[in-house]
Structures are given as C-alpha cells and as structure tokens.
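The values are calculated or read from the model by the stated rules, or taken from the named source; none is laboratory data. Quick caveat, the model's predicted, so the values are computed rather than measured. Cβ: placed from backbone, ideal geometry, glycine included. Neighbour counts: every protein chain shown. Only protein heavy atoms, including side chains, enter the accessible area calculation; ligands, DNA and RNA are left aside. Shrake-Rupley method; radii C 1.70, N 1.55, O 1.52, S 1.80 Å.
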Amino acid sequence: MRCHGQLFAAVALFQADDDPRDYLQGVFVEPHPLGGVYIAATDGSQLCVAVDSIGEADAPAIYRTDPALLQAAQASGMAVVAERGLLLVRHVDTEVDERIRLADPEIEDPGRFPEWRQVVRNLFAVRSQPLEPAGALNAHYLARIAKAAKLITPKKSIPSVQTMAVAAAHISYFGSRDDFFVVTMNMRGDQLRRPDDVLRWVVGAERGLFKTRPDDVDADGVVTPAEA
C-alpha cells in the first residue's frame, strides 16, 4: 500500500479511539476501481473518505496508526507506505528517508469495516440539492473537521468548509476539492429549533416584546407576550 501522507493523516483524525470495535481503530485503504485508492476512517459518528488518485493498494486493509507516524505524515511531500509488516513515512521524491516505523500495523479481517459506500451512495445526487439547515453537532467533531481542512489545504490558502444537511447527518466539503469529504451524524435528542422559529422570536423581540420566548410564537408567527 502507498498513499499521500497528508491525506492519510487527515483521514486518520476520524478513526475511533479506545473503542472495543478494533476495526474502527485504524485507517481503511482499498483499491479504487479506476486506479488509486480510497482512504476511509470512522468512529461511528463521523465518516471521512478521501480518494488518492496516485495511491496504490493490492487489497483492502485496515492499518493501525500512532501519533508519531501521523505527525510525520502531515509534512508536504511525504507518503505512507506499508511493506514487510511496517508502516513507513517517506519522502515522495527520494523514497529513502524512513521517518517512522510502526510494527504490525495491519488489523485482520478488513471486511468488518463499515460499508461506507452505503452511507454515501447518493452523495453526488444529494449534493446538487439546495442547502438545508443542519441539526446540532458535537463541537468535538467540528474541531476534527477544522483540523482536517487545515491539513489538506495548500499553504498560503485559507481553509474552507461547505456543509449541507442530509437526513440525520450533514456532509462537509473542503473548498474546490472533490476527493475528500466528511459525513457527521447529528447529536441525539437535538432540541434546537428551526431557524424560522428563532427568527419569528427575534422579530417579536424587536417589536418590544423582549420577554417573549420561542414557545410564545404560534405556527402563523403570531407572538403572545410572556407574563411579566
């Protein structure tokens, strides 16, 4: 297996940490049918998938990582290479500078990795639809998305993220890139109100009804002042 180091490190942000499902505690790499590789990771709440068009893989596999390896892989011009039971980080040009060695990186039975295609089967069809408000998101997951955006954005460029809601999740895209995206599940028990409900409440407040609450706005937008 061989893939772009920065892509591998960015995807690895979304793997599970201390999860009894060992197949989530690693990065899944599989051959792309048109050449290159898919790189995926998930903790059950977020799914990240990237396409490395010049990557190489003989068969699907899940690879364990460690912080030192991922730190080395973040450098520009580095590649993650699996050979002889080791994960290596090397310069792309010279292929001789071995930065990190990680023994026994492969997790057995890659078939247990979630079927990520099922999650994003209609991704490109959905992408053409108008943007919709997303539900509440765990701020920890948003931090991962921000870090991933920084990793895959060229230096001197401003990282950008576009999101859209899909059912009980939302999809994050990164600038003009079409080879990297993240699916994040909404928080359970989401109690946030729709933006239009909040807007009616704000309009009521601007009319001098500062003691009104969202509960005091009916379906027609009529505001009933709260009791003093």
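Taking each residue of the range 1-18 that is without any contact (Cβ under 8 Å) to a residue 24 or more places away in the chain and open to solvent by 10 Å² or more (accessible area, probe 1.4 Å) and looking for partners that are part of a loop (DSSP other than H, G, I, E, B) and of a type in the set (A, V, I, L, M, F, W, C) with beta-carbon atoms closer than 6 Å, six or more apart or interchain, yields nothing. The single condition among (1) touching a Lys or Arg at 6+ places or on another chain (Cβ under 6 Å); (2) in a loop (DSSP other than H, G, I, E, B); (3) modelled with pLDDT of 85 or more that V81 does not meet is (2).
Looking only at the range 146-160, residues that are free of Cβ contacts under 8 Å to residues at least 40 places away in the same chain, open to solvent by less than 70 Å² (accessible area, probe 1.4 Å) and either at positive phi or within 12 Å of the chain's Cα centre (by Cα) (or both) come to 2 in all.
Scanning the range 61-76 for residues that are open to solvent by 30 Å² or more (accessible area, probe 1.4 Å), over 26 Å from P114 (Cβ atoms) and modelled with pLDDT of 85 or more returns A68, Q71, A75.
What about E108, is it in contact with a strand residue (DSSP E or B) (Cβ under 7 Å, 6 or more places away or on another chain), of a type outside the set (V, I, T), open to solvent by 60 Å² or more (accessible area, probe 1.4 Å) and at pLDDT below 80? So E108 does not fit the description; no. In the range 32-53, the residues that are in contact (Cβ under 8 Å) with a residue 12 or more places away in the chain and aromatic (F, W, Y) form Cβ pairs under 7 Å with partners that are open to solvent by 10 Å² or more (accessible area, probe 1.4 Å) and not in a strand (DSSP E or B), at six or more places apart or across chains, as follows: Y38/H32.
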